[in-house]
1. If a residue has to be away from every other protein chain (no Cβ under 14 Å) and assigned to a loop (DSSP other than H, G, I, E, B) to count, how many in the stretch A:275-334 make the cut?
2. Just name the residue that is nearest to B:GLY83 (Cα to Cα) out of those in the stretch B:245-263 that are touching a residue at least 40 places away in the same chain (Cβ under 8 Å), of a type in the set (Val, Ile, Thr) and part of a helix (DSSP H, G or I).
3. In this structure, does B:LEU298 turn out to be away from chain A (no Cβ under 14 Å), in contact with a Pro (Cβ under 8 Å, 6 or more places away or on another chain) and aliphatic (A, V, I, L, M)?
4. Determine the pairs where a residue that is away from chain A (no Cβ under 11 Å) and on the phi < 0 side of the Ramachandran plot, located within the stretch B:65-87, has a partner that is in a loop (DSSP other than H, G, I, E, B) and surrounded by 11 or more Cβ atoms within 10 Å (Cβ to Cβ) with Cβ atoms under 6 Å apart, the partner being 6 or more residues away or on another chain.
5. Kindly indicate which of B:SER114, B:SER91 is in the same structural domain as B:LEU236 (by TED's automatic domain parsing) and loosely packed, with under 11 Cβ neighbours inside 10 Å.
6. Only one of A:VAL196, A:VAL180, A:VAL210 is within 14 Å of another protein chain (Cβ to nearest Cβ), under 19 Å from the mean Cα position of the chain (by Cα) and either assigned to a helix (DSSP H, G or I) or modelled with pLDDT of 95 or more (or both). Can you tell me which?
7. Identify the residue in the stretch A:226-251 that is out of contact with any Phe, Trp or Tyr (no Cβ under 9 Å at 6 or more places or on another chain) and over 20 Å from A:ALA157 (Cα atoms) and, among all such residues, is surrounded by the fewest Cβ atoms within 10 Å (Cβ to Cβ).
8. Hey, can you tell me all the residues within the stretch B:137-181 that are touching a residue at least 60 places away in the same chain (Cβ under 8 Å) and away from chain A (no Cβ under 12 Å)?
Amino acid sequence: MAALIKAAKKEARLNVIALPDNWANYGTIIKDFKAKYHINISDQNPDGSSAQEITAMTDDQGRSNDPDVIDVGTNFAVTAQTAGQLAPYKVQTWNEIPSNLKDPNGYWFDDYGGYVAIGCNTAAVTTCPTSFAQILAAPSSAGYKVGLNNSPLSASAALAGVWAAAIAEGGSLSNIAPGVTYFQNLNKEGYFVPTVAGPSTIQSGATNIVIWWDYLQASEISASIKGWKVTVPSDALFAEYYTQAINKNAPDPAAARLWEEYLYSVTGQNLWLQGEARPAELAYMEAHGTANKTWEAALPAVPKGSTNVPTPAQITAAETTVTSTWPTEVTTGP
Amino acid sequence: MLFSDLGTSVPRSEVLPPESGGRKSKLRRAWLPVLAMAPFFIYTGVGLGVPIVYIIRNAFLTFQGKFTFSNMDLLVHGIYLKGFENSLLLSVITSIIPGILGVFLAYAIVTSNSGVLKRMVATASAVLANFGGINLTFIFIAAFGETTGIITVWLNHIGLNPWSHGFDLYNFYGVAFVYLYFQLPLMVLVITPALGGLRQSWREAAQNMGASNWRYWRHVGIPVLMPSILGGILLLFGSSFAAYATAQTLTEGTVTLAPIQIGDTVSGNAIAGEANVGFAIALGMLIVLSITMVFYGLARRRASKWLR
């Protein structure tokens with residue numbers, strides 16, 4: 001470890017990509033790492049997508065701004081692994097990461113995740129729904145206007161929202177079709193607002209319920225909307241993790257590995273917890289008392305039941321189904 | 001096409017200084033225009049040419065880099081074909097309707113006596129023609145949203161809620177409605193010079209020969225304007241075909257359009273490893289737009305005959 005720190009400090013640089021400051025507390029994490037190791041971090045394209053991260057790894061190869069590490073949706077990490085773009089690495093705390101959240105050979109490992117949650121504007125809605133079934137069954141007097149953060153063909157968070165609805169409607173991790181039907185019915189009843197939902201649509205009143213990751217609702221909506229309530233639905237416990245991986249052709253290999261060691265240390269994991277995301281090693285940390293109690297208590301309560309966490313293969317299959325059914329079923333046009 | 005638009009009928013020898021040197025200066029004079037255009041050609045070659053080559057190359061590769069026809073094959077089936085169909089239909093609707101309306105609007109402005117009005121409309125058209133994207137989406141939601149849109153609320157007060165009469169901002173026709181916002185000013189911008197080229201003397205000559213208003217338009221006005229109108233409509237077609245951000249944020253993929261599908265595959269967060277399909281769609285769009293540009297060029301060449 002000491003040798004790694006020395007080599008990383010010699011490189012004096014770390015290239016990360018697509019890490020927004022207010023996403024799972026990355027702003028604080030980057031600052032803390034810089035202060036601790038005096039390694040300069042440059043964040044290329046902070047609002048970029050997973051696809052753009054993979055493309056950057058390919059296109060910037062050989063250049064000094066080639067991303068060293070990526071934080072992407074799990075199915076993207078698997079695609080990169082198949083294309084031979086990743087270098088395997090097992091952090092010191094490898095055994096604390098649950099086996100279903102990592103590649104057995106160390107090519108990728110999940111970092112943080114959250115539950116699909118129903119966010120509700122208490123100033124605009126009298127009874128906040130606590131389940132998907134409640135939203136669909138509500139009378140029009142309830143005035144629900146439900147939004148997703150983006151198209152499920154474009155954002156994994158929205159895909160997760162549809163998947164959670166599928167589970168609530170009797171589907172499963174291998175069957176996302178009921179979720180598409182749910183939104184089709186929601187649209188027919190006029191409760192679904194198919195526009196990109198966020199603080200601006202909430203403030204203008206276009207949406208008053210948003211289905212999104214619990215930690216992003218906390219960092220991006222609760223911060224600007226007073227009285228925003230985040231609930232994990234009682235009829236669908238769906239969680240998904242994002243994934244870390246190291247570029248095989250990283251220009252700063254030692255700094256990249258030190259970054260991973262930092263992220264999977266107690267400090268790093270707790271900083272993600274502070275961002276209201278659930279770090280991959282949370283179960284281990286809870287059992288050994290190293291999880292920060294205050295930040296853990298701030299997480300939204302999870303109703304009883306087993307949590308559904310999809311595998312990369314299931315994600316790809318779900319995406320294929322949604323790509324062909326979403327545009328044709330959830331629509332009110334020609 | 002560009003050079004004929006300059007429309008110069010002055011002999012070359014009157015523009016250039018008389019011959020002073022021998023072969024050397026003749027060569028220099030021949031190369032001078034080429035040299036002057038070089039920065040433009042380099043810029044276009046790099047800025048447009050390289051991405052086009054990149055798109056064509058990637059459309060025929062798999063994610064691993066092997067040659068394949070499967071991306072192009074996907075294009076003519078299923079959901080990607082639907083995307084093209086929707087895009088084409090949307091572009092046709094939002095080029096013809098604002099095209100025709102734009103002609104009437106531009107004519108009203110051109111024939112008005114108020115110089116202030118003309119200048120205001122010229123400026124407004126230039127700004128609004130480029131006003132698209134997420135801002136536009138938010139404007140329309142704030143104005144025409146179902147229960148909280150400002151205009152919806154006003155119309156509701158007088159008992160005319162458009163939503164209860166079948167209006168839906170978030171479906172295909174809603175997107176077309178939003179597109180009108182920048183398509184109509186674009187047409188006004190494009191057709192105003194052509195309308196200015198309608199000589200008053202033609203109208204007077206027609207009236208002298210006893211033509212009624214309708215006959216003037218039918219036999220003189222519209223035939224003269226038609227190439228410009230067609231050119232304008234084709235321009236609107238291209239503009240609407242390539243528009244992305246407005247429809248994407250407004251409908252979240254429930255209205256499937258080719259540019260949105262490119263965005264989903266190339267720079268999305270959900271579909272992994274399908275970027276090459278996106279490039280294939282882009283190649284398809286390039287082909288459609290190239291055909292549009294060829295017709296636009298032909299229409300412009302016809303139009304410039306009358307504007308001299």
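The values are calculated or read from the model by the stated rules, or taken from the named source; none is laboratory data. Note that the coordinates shown come from a computational prediction; the quantities given were computed from them, not determined experimentally. In this analysis, Cβ positions are derived from the backbone assuming ideal geometry, glycine residues included, and neighbour counts consider all displayed protein chains.
1. The total comes to 21.
2. B:ILE260
3. no
4. Here the result reads B:PHE67/B:PHE60; B:THR68/B:THR62; B:SER87/B:LEU257, each pair linking the stretch B:65-87 to a residue that is in a loop (DSSP other than H, G, I, E, B) and surrounded by 11 or more Cβ atoms within 10 Å (Cβ to Cβ).
5. Selected residue: B:SER114, the only one of B:SER114, B:SER91 that is in the same structural domain as B:LEU236 (by TED's automatic domain parsing) and loosely packed, with under 11 Cβ neighbours inside 10 Å.
6. A:VAL210
7. So, considering only residues that are out of contact with any Phe, Trp or Tyr (no Cβ under 9 Å at 6 or more places or on another chain) and over 20 Å from A:ALA157 (Cα atoms), the one surrounded by the fewest Cβ atoms within 10 Å (Cβ to Cβ) is A:LYS226.
8. B:TYR179, B:LEU180 - these are the residues of the stretch B:137-181 that are touching a residue at least 60 places away in the same chain (Cβ under 8 Å) and away from chain A (no Cβ under 12 Å).
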